[in-house]
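Below you'll find the structure, written out as structure tokens, and then a few comments.
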Amino acid sequence: MSVRFSRGRLRLVGVLAVTQVTGWGTTFDMPGVMARHMAPDVGLTIDVSFFGLTLMMLIIGLTGPMIGKAVRRMGAARVLALGSVASGAGLALLAGADGPVGYFIAWAMIGAAGSMALSVPAYAAAVEREGAAGRRTIGVLMIFTGVSSTIFWPILNAIDGLAGWRVTLLAMAGLHVLVCLPLHIWALPPVGDHPAEPEEGRRLTVDLPADRTTQAFFHVGVISVAFSFTTFGLAAAYLELLRSVGASVDYALWLGSVRPVLGIAARAADLAIDGRGGPLVTTLASALLMGGAFLLLPAASGTGWILPAFVVFYGLGAGLSAMARAVLPLAFFPVEEFSSRSGRLALPMNVANALAPVVFVTVIHGAGPTAAAMLGLALMVATLVSATLLAKLAPTSLPPSARTDIS
């Protein structure tokens, strides 16, 4: 593997991996285990209780631009520290909820906390300390966050079984305040303390003229929203989609368990080759893999090779799409603009994340799996078009010797 780890990078990755896995595992992943116990105690059905996640993602999206500006003004470490405090407060509020109003107020707080503690400020912390080479650290972080549910579901289930869901959530709140907060304040490497290794002459960022920056941002936005809408939508509707083409419950569960493994493998492979093709090559590979999966799906049945092939193509493509979304802004905009650009992208992406599960489930149940596959295919075609147009924007701003290093 060509990714090299200095002491500073190991420290940076270690801190952010712990806090990001904790952040996602105790919030976004948490209802997968806890909803069945929380919902009846606060007077909701299980289905309605999951609208807490929708509210969380909407608030993360709506506050994204503001958080991006805050990172530039205050620094990522301070924003992450505030996010740890707010996450603890939100989970404590949820633990004390005794009705629907208190329940959704708590999720609103968790959403505000997530905008300060999850993804964008963490990636910005890497970029602050490593410049454009922070894409490597982001890639490693995405491998860790891909297993947050694998780590936290058993923990949540075990504590819930011993003490109930309210004590479990208070324990998770304690993790944010007693573990994540000190790590963000004292354990992150200082900015400039451990500069990244030279990139051996590779040019990582395109110098776009001003008149092309807006076009580039639009196309990066199209790609980010299309990938987010597809992967977040199917994350919730995946088992329904598999069952709708004839897979048995047990077979669908088994195929569903394979998808995260494929996604992590794809991210690891991209990291292992050090992203040599650049984020646009990763984008194109992801869109082609998922587009091919959606082309296969209408012919799939509960038996045969087509459904496993769909799972493999889709799982690999979805894993790569997360890498592409995270690092595309680094390729087309200056490093100092990463947090603000990512914050602005968070708004449409998280709105898409909030709406996509409802849309995909409705399409699957109302129009069938073929219609869902055509929706996914259309989103991948839009991605390919925007990626192609981005590739045409990039070379004109680079000298010939550098063009081969930007995809």
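The values are calculated or read from the model by the stated rules, or taken from the named source; none is laboratory data. The structure presented is a predicted model; accordingly, all values stated were derived computationally and were not measured. Note: ideal-geometry Cβ built from the backbone for every residue, glycine included; neighbour counts use all protein chains shown. To get the accessible areas, we keep the full protein, side chains included, count just its heavy atoms, and leave off ligands, DNA and RNA. Shrake-Rupley method; radii C 1.70, N 1.55, O 1.52, S 1.80 Å.
Using a 1.4 angstrom probe on the protein heavy atoms only, line up Val261, Val327 by accessible area, largest first. Each step should come with its number before you reach the end.
On the way: Val261 95, Val327 25 Å².
Highest to lowest solvent-accessible surface, that is Val261, Val327.
When each pair of different Cα atoms in the range 54-159 is counted once in the 1/r mean, what is the Kirkwood radius in angstroms, to one decimal?
Values: mean 1/r = 0.0674 Å⁻¹.
Its Kirkwood hydrodynamic radius stands at 14.8 Å.
Within the chain, the whole DSSP H helices whose Cα atoms reach 20 Å or more along their own axis and whose mean Kyte-Doolittle score is at least 1.6 are 76-95, 279-296, 306-332, 369-393. The largest accessible area among Arg36, Arg78 belongs to the first residue in Arg78, Arg36, and the rest follow in falling order (1.4 Å probe, all chains). Surface composition of the chain: carbon plus sulfur atoms contribute 70% of the solvent-accessible area (1.4 Å probe, protein chains only, all chains present). Per residue, the Cα convex hull of the chain amounts to 131 Å³. For the chain, the residue among Gly68, Ser248, Ala322 whose Cα projects farthest onto the positive side of the dipole built from Cβ charges is Gly68.
Taking a probe of 1.4 Å, how large is the accessible area per residue of the chain, in Å²? Spell out each step's value before the answer.
Details: 15990 Å² over 407 residues.
That works out to 39 Å² per residue.
The magnitude of the dipole of the chain, with charges of +1 and -1 set on the Cβ of Lys/Arg and Asp/Glu and taken from the Cα centre, is near 620 debye.
What ratio of Cα Rg to 2.2 N^0.38 Å holds for the range 1-124?
Working: Rg = 16.0 Å, N = 124, 2.2 N^0.38 = 13.7 Å.
Taking N as the residue count of the range 1-124, the ratio is 1.16.
Largest to smallest in accessible area, the residues Tyr123, Tyr103 fall in the order Tyr123, Tyr103 (1.4 Å probe, all protein chains included). Among the protein heavy atoms, those of Thr383 account for about 0 Å² of accessible surface (1.4 Å probe, every chain in place). Considering only Cα atoms, the convex hull volume of the range 224-291 works out to 86 Å³ per residue.
Taking every alpha-carbon pair under 8 Å whose residues sit at least 6 apart, the chain reaches a relative contact order of 26 percent. Solvent-accessible area of Asp160, all protein chains in place: 20 Å² (probe radius 1.4 Å, heavy atoms, ligands and nucleic acids excluded).
Between the residues Met38, Ala77, Thr230, the greatest Cα displacement towards the positive end of the dipole of the chain, with unit charges on the Cβ of Lys, Arg, Asp and Glu, is found for Ala77.
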